[in-house]
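Before any comments, here is the structure.
The values are calculated or read from the model by the stated rules, or taken from the named source; none is laboratory data. Bear in mind the structure is a predicted one, so any value in this text is a computation, not a measurement. We place every Cβ from the backbone using ideal geometry, glycine too, and count neighbours over all the protein chains shown.
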Amino acid sequence: MKSVIITNPISQSTLIRKALDNHGLIVFPTETVYGIGASIFDPIAIQSIFTTKGRPQDNPLIVHIAEQSQLEGLVTDVSPLAKKLMAAFWPGPLTIVLPKSLSVPSLITANLDTVAVRMPKDPLARDVIRAAGVPLCAPSANLSGKPSGTDFKSVYEDFFGKVSIFVEGGIPEFGIESTVIDLTSQIPTILRPGAISAEEIETVLGMVIVSSSQAENTPKAPGMKYQHYKPYGDVIILDGTTPKIIEFLQSIPDQEAVFMGANEVCGDLFDLPLNTFALGPKDHVEVIARALYRTLRTLDNLKVKTIYTHTFSKKGIGTALMNRLEKAASQTISL
Ligand code: AMP
Ligand code: MG
């Protein structure tokens, strides 16, 4: 398949419409990670998202809209809580699960009677949706099981020749997927931690919310049961102080292992023989989150077999960062 790279979706909207008319897929940047999108009204293209990514069919897709008006027709009810969240966080990295209307194909929602909707804030993402003229369902642009794409080169490598259009953008602001919150359960429930923290949501709603691991009898985001974010190498989390980490690393025979962590910790390991990959300053967990997938993909390309890392603060986006790291890891060693 011919793949075209564009940088201005509005001026190339004819191309975008043509691609969609031919059941094509569009890779585009968002403020979280790159997405791979199809028209929500084209079952052939939607099916091809699952096939192209190798995504399990029972893992539903998020519907992306550019304007509030596009929500009508997708959902049957917008509760006062949903309105509060939309006013506070849209456009932005919050995905809201609401009761689905009949016009949303069940292929998108894996036969659930709910639909996950988000209005991204990245101007290129919104321009793509505007140019398309329809909401787009779009999961992260990565082969299933691999770290999500957070730079253009990665998504281009994965999907060249498999999608019609690439919208070239920069490095996404957050680098970690959106928070998914379910408003169809009795208590608002975070199904997937993400770029917006539970604390931020609680402040806006003025109430305590739960996360799906705490919630009883609440269906989880179906996608969370899969082992996402599996890099080529074995990721091992070292849970302990820097002196303990140094002691541990000195005791291992593996000269080819690498260490990925906060700048300060990498600096403290300077005298050890292993290579280090610094993600950002320890107290700026948002910088670290932004660099995580890109670094994992670099390590994939280098075919590094063992990647040691450490635990990070769970403040703000730190909860999502640790969630992804734990999913990528084969084990955590308490030191
Ligand atoms: P991705 O598109 O790869 O960022 O993943 C989307 C996430 O949202 C997955 O964990 C899905 O299981 C979850 N999701 C999408 N639609 C729904 C829904 N209707 N109900 C619950 N979770 C959903
Ligand atoms: Mg994904």
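Listed values, structure above:
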{"quantity": "Considering residues of the range 129-143 that are within 16 Å of ligand 1 (Cβ to nearest atom) and farther than 14 Å from residue 33 by Cβ only, the residue nearest to the chain's Cα centre (by Cα)", "calculated": "137"}
{"quantity": "Condition check for residue 164: at pLDDT 95 or above, more than 13 Å from residue 34 (Cα to Cα), more than 13 Å from ligand 2 (Cβ to nearest atom) and of a type in the set (Gly, Ala, Ser)", "calculated": "yes"}
{"quantity": "Residue that is within 16 Å of ligand 2 (Cβ to nearest atom), crowded, with 16+ Cβ neighbours inside 10 Å and within 21 Å of residue 187 (Cα to Cα), where the choices are 60, 93", "calculated": "93"}
{"quantity": "Yes/no for residue 201 being hydrophobic (A, V, I, L, M, F, W, C) and touching a Pro at 6+ places or on another chain (Cβ under 7 Å)", "calculated": "no"}
{"quantity": "Qualifying residue in the range 148-161 (condition: near ligand 1 (Cβ under 10 Å from one of its atoms) and at pLDDT below 95)", "calculated": "yes"}
{"quantity": "Count of residues meeting criterion [without any contact (Cβ under 8 Å) to a residue 12 or more places away in the chain and among the aliphatic types (A, V, I, L, M)] in the range 303-335", "calculated": "1"}
{"quantity": "Residues of the range 192-207 satisfying the condition of being within 16 Å of ligand 2 (Cβ to nearest atom) and surrounded by fewer than 24 Cβ atoms within 10 Å (Cβ to Cβ)", "calculated": "192"}
{"quantity": "Filtered residues of the range 183-204 (kept if more than 19 Å from the chain's Cα centre (by Cα) and under 30 Å from residue 291 (Cα atoms))", "calculated": "188, 199, 202, 203, 204"}
{"quantity": "Residue within the range 177-196 that is outside any loop (DSSP other than H, G, I, E, B), within 14 Å of ligand 1 (Cβ to nearest atom), modelled with pLDDT under 90 and not small (Gly, Ala, Ser) present", "calculated": "no"}
{"quantity": "The listed residue being in a helix (DSSP H, G or I) and either aliphatic (A, V, I, L, M) or within 12 Å of ligand 2 (Cβ to nearest atom) (or both), out of 45, 38, 66", "calculated": "45"}
{"quantity": "Breaking point among (1) under 18 Å from residue 61 (Cα atoms); (2) crowded, with 20+ Cβ neighbours inside 10 Å; (3) away from ligand 2 (no atom under 16 Å from the Cβ), for residue 99", "calculated": "(2)"}
{"quantity": "Any hit, the range 28-37, residues being surrounded by fewer than 18 Cβ atoms within 10 Å (Cβ to Cβ), over 26 Å from residue 185 (Cβ atoms) and touching a residue at least 24 places away in the same chain (Cβ under 8 Å)", "calculated": "no"}
{"quantity": "Within the range 223-335, strands (runs of 3 or more DSSP E) holding 3 or more residues that are polar (S, T, N, Q)", "calculated": "329-334"}
{"quantity": "Residue list for the range 52-63, filter: among the polar types (S, T, N, Q) and not in a loop (DSSP other than H, G, I, E, B)", "calculated": "52"}
{"quantity": "Test for residue 173: is it away from ligand 2 (no atom under 16 Å from the Cβ), in a loop (DSSP other than H, G, I, E, B) and of a type in the set (D, E, K, R)", "calculated": "yes"}
{"quantity": "Subset tally (residues that are more than 16 Å from ligand 2 (Cβ to nearest atom) and surrounded by fewer than 24 Cβ atoms within 10 Å (Cβ to Cβ)) for the range 132-150", "calculated": "3"}
{"quantity": "Which numbered condition residue 87 fails, given (1) surrounded by fewer than 23 Cβ atoms within 10 Å (Cβ to Cβ); (2) part of a loop (DSSP other than H, G, I, E, B); (3) modelled with pLDDT of 95 or more", "calculated": "(2)"}
